[in-house]
Amino acid sequence: METDEKYMRRALELARHGELDASPNPMVGAVIVDTSGRIIGEGWHRRCGEGHAEVNAVASVKDRDLLKDATMYVTLEPCSHYGKTPPCADMIVENGIPRVVIGTLDPFAKVAGRGVAKLLDAGVEVMTGMLEKECRELNRKFMTAHSLQRPYITLKWAQSADGFIDGHISTPLNSMLVHKLRATHDAILIGSGTALADNPTLTTRFYAGKSPVKVVLDRRKRLPADLRLFSDGDVIVIDGEMTLAEAMHTLYNKGISSVLVEGGAQIMESFAKDNLWDEIRVEVSPEHIEGKIKAPSLPKTDTIPDIRVVDGHKIISYKK
Ligand code: AOF
Ligand code: ZN
């Protein structure tokens, strides 16, 4: 049991290498161990569209004969469907791996238990739920999106000590960290008011990683085509009468599994009011600016925030 955990921890460590490129797919790691407890293969899911963790782990094994007595440790249930790649469960069976230890089941509708069923049907010994909490937490965004059929929602703003958002609040290091936050979400969302007032580019220019899709809520169809955010990358404009929940479901159906909501205050409050949030990140500067635009108020929550200080600014994060 303890040794099982050790290999699953290694698989978790491998999975994290996918942090910037795997999404909207989950981060997944896999380790293959022979009967003497030696690791003979390792792999992780590098990038959406490329090989799954299990395939990469099997490909890394030099002596394929060892597979017929080996155990595979994988952080997520092996897939059972033909997506961009063929089913990993079939591949495991074809390679004669007799035992598979799984971190957590896959909530994705096309898999959801079918991977385990395939393995069991083929006579593979399966154990699930090893370090389950850690394996679910690793893919918080993916798990939330597929369980709730809407993207994982992060609300993010920067405010002064006296609670205003109109000012240049973020320090250079904090701006860079915000760009990392953007790079780890599939989409960034703003309202038309913010698009008009700030004319932001919404790029990740201070952090290597992919630029998320830009989403603008424009109920009144009032956005001019020459806004900076339209100048590059993918943009989705949501107009017309749609509730926020419907808009989120629409984004999910377009394959977006996480969204960073960046403003303005009203939109932020609407998300909070409709209980459409999973994480909130607030940067608070020490200055009093006596501005005009009040920062959103925090929704009621029992979660204890994590507080860090970066460049003299407090970074307060709540995770539901
Ligand atoms: C695994 N191992 O490493 C990953 C899995 O379009 P595809 O073929 O890449 O399939 C994507 C789905 O496969 C994804 O939504 C998730 O359910 C599963 N991802 N599964 O066994 C992996 N990345
Ligand atoms: Zn797979």
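The values are calculated or read from the model by the stated rules, or taken from the named source; none is laboratory data. Quick caveat: nothing in here was measured; it's all calculated off a predicted structure. For neighbour counting, all protein chains shown are included, and Cβ atoms are generated from backbone atoms with ideal geometry for every residue, glycine included.
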Find the residue count for region 107-117, including only residues that are surrounded by 21 or more Cβ atoms within 10 Å (Cβ to Cβ) and at pLDDT 95 or above.
-> 2
Looking at PHE230, is it of a type outside the set (Gly, Ala, Ser), surrounded by fewer than 18 Cβ atoms within 10 Å (Cβ to Cβ) and within 30 Å of CYS48 (Cα to Cα)?
-> yes
Mind listing whichever residues of region 40-70 are over 17 Å from PRO26 (Cβ atoms), surrounded by 17 or more Cβ atoms within 10 Å (Cβ to Cβ) and not small (Gly, Ala, Ser)?
-> ILE40, GLU42, VAL58, VAL61, LEU66, LEU67
Hey, can you tell me all the residues within region 281-294 that are closer than 30 Å to ARG150 by Cα and at pLDDT 95 or above?
-> ARG281, VAL282, GLU283, VAL284
Candidate set from region 71-88 (those that are buried (at least 23 other Cβ atoms within 10 Å of the Cβ) and not hydroxyl-bearing (Ser, Thr, Tyr)); member that is nearest to the chain's Cα centre (by Cα) | LEU76
Options LEU67, LEU76; residue that is in contact (Cβ under 8 Å) with a residue 60 or more places away in the chain and aliphatic (A, V, I, L, M) | LEU76
Counting only residues that are among the β-branched types (Val, Ile, Thr) and more than 13 Å from ligand 2 (Cβ to nearest atom), which one in region 52-92 is nearest to ARG136 (Cα to Cα)?
-> THR71
Of all the residues that make up region 281-292, how many are surrounded by 15 or more Cβ atoms within 10 Å (Cβ to Cβ) and either more than 15 Å from THR171 (Cβ to Cβ) or under 26 Å from the mean Cα position of the chain (by Cα) (or both)?
-> 5
Among the candidates HIS185, HIS146, residue that is of a type outside the set (S, T, N, Q) and more than 30 Å from ILE97 (Cα to Cα) = HIS185
Candidate set from region 1-48 (those that are hydrophobic (A, V, I, L, M, F, W, C), modelled with pLDDT of 90 or more and more than 16 Å from ARG99 (Cβ to Cβ)); member that is nearest to the chain's Cα centre (by Cα) | MET27
Residue among ASP274, ASP302, ASP306 that alone is in contact with a Ser or Thr (Cβ under 9 Å, 6 or more places away or on another chain), surrounded by fewer than 17 Cβ atoms within 10 Å (Cβ to Cβ) and farther than 19 Å from SER170 by Cβ | ASP274
For ILE267, indicate whether it is without any contact (Cβ under 8 Å) to a residue 24 or more places away in the chain and either exposed (fewer than 14 other Cβ atoms within 10 Å of the Cβ) or more than 20 Å from LYS180 (Cβ to Cβ) (or both).
-> no
